[in-house]
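**Q** Have a look at this one before I ask anything.
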Amino acid sequence: MADTESVPPKGSDALARRGVLFILSSPSGAGKTTISRMLLEADDAIRLSVSVTTRPPRPGEIDGVHYYFVDDAEFDRLVEEDDFYEWAPVFGYRYGTPKGRIRAALKDGQDFLFDIDWQGTQQLYQKDQQDVVRVFILPPSIAELRRRLESRNTDEPEVIDARMDRARAEISHWDAYDYVVINEDVDACFAKVREILDAERMKRQRQTGLIPFVRELMA
Ligand code: 5GP
């Protein structure tokens, strides 16, 4: 596995802080992918979590960027050492979220973005409640969600119906999240998501540099 971890810039306040596992979930069509992309472009201290997989790389895929590509023996070893937040078999290969690498980087103030569904959210939350922040994005209405799915112009009506059913099922898990944002306007929604991330970074228990700082203030 290539090692691409790097220490992020600390931002305007120089105090050390612990990173956030920032989860964005939504039914497909509610704008999660767009918001994720905007966040990764706008904010240097957060990056997408890179999964480990036994699938061979596709042309153009880079080890440590798109995935950490490993063989079956290495994946077995990671499972045995309990080094996954979660893992699952998908289409004959195995995929997992590596715990060790993320934990080490969290200590340095690196934030990670997870674009995952409610089941993945639940698994991650069970493994690491203190670092996880869960944000759910809702469409402004069911009619608008359907309009957005139809405007992609790629699917047959039955496929759209199936996607709408899946969307309703996903929405039913809205109350398992810390924050819920309605995506009426993508820029306004993005601004709210950034505010959530900024506020979570400021939480006292994440500001690991506060103890020595305050000690010095009081000396
Ligand atoms: P692909 O091989 O096309 O990149 O991904 C195939 C599937 O694996 C996708 O549905 C993707 O969501 C899933 N996947 C990728 N990484 C992970 C992971 O870390 N954990 C789980 N459970 N699924 C993953």
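Values in this text are rule-based calculations from the coordinates and carry no lab data. In this text the structure is predicted, and so the values were computed from the model without any measurement. We place every Cβ from the backbone using ideal geometry, glycine too, and count neighbours over all the protein chains shown.
**Q** In terms of the Cα gyration tensor, with a ≥ b ≥ c the square roots of its eigenvalues, is the chain rounded because a/c is under 1.5, prolate because a/b exceeds b/c, or oblate?
**A** It comes out oblate by the Cα gyration axes.
**Q** Could you tally up the Lys pairs in the chain with alpha carbons closer than 16 Å? Skip any pair fewer than 8 positions apart unless they're on separate chains.
**A** Working: K10/K107; K10/K203; K32/K192; K99/K107; K99/K127; K107/K203.
So the count works out to 6.
**Q** Along the charge dipole of the chain, Cβ charges K/R +1 and D/E -1, which of S51, L24, P89 sits furthest on the positive end?
**A** L24
**Q** Looking only at the stretch 21-206, where both bridge partners belong to it, what percent of the DSSP beta bridges are antiparallel (to the nearest 5)? If you can, show how the numbers build up before the last one.
**A** Values: 8 of 27 bridges.
Taking every DSSP beta bridge with both residues in the stretch 21-206, the antiparallel ones total about 30 percent.
**Q** How large is the dipole of the chain about the Cα centre if only Lys and Arg carry +1 and Asp and Glu carry -1, each at its Cβ, rounded to the nearest 20 debye?
**A** 600 debye
**Q** Applying 1/(1 + (r/R0)^6) with R0 = 41 Å to the Cβ-Cβ distance of E80 and R58, what FRET efficiency is obtained, to the nearest 0.05?
**A** That gives a FRET efficiency of 0.90.
**Q** Shifting gears a bit: Can you give me the distance in nm between label points at A45 and N153, each placed 7 Å from the Cα along the Cα-to-Cβ direction?
**A** 4.2 nm
**Q** Assuming 0.36 nm per residue, please report the length gained on full extension of the stretch A73 to A169 beyond their Cα-Cα distance.
**A** 30.9 nm
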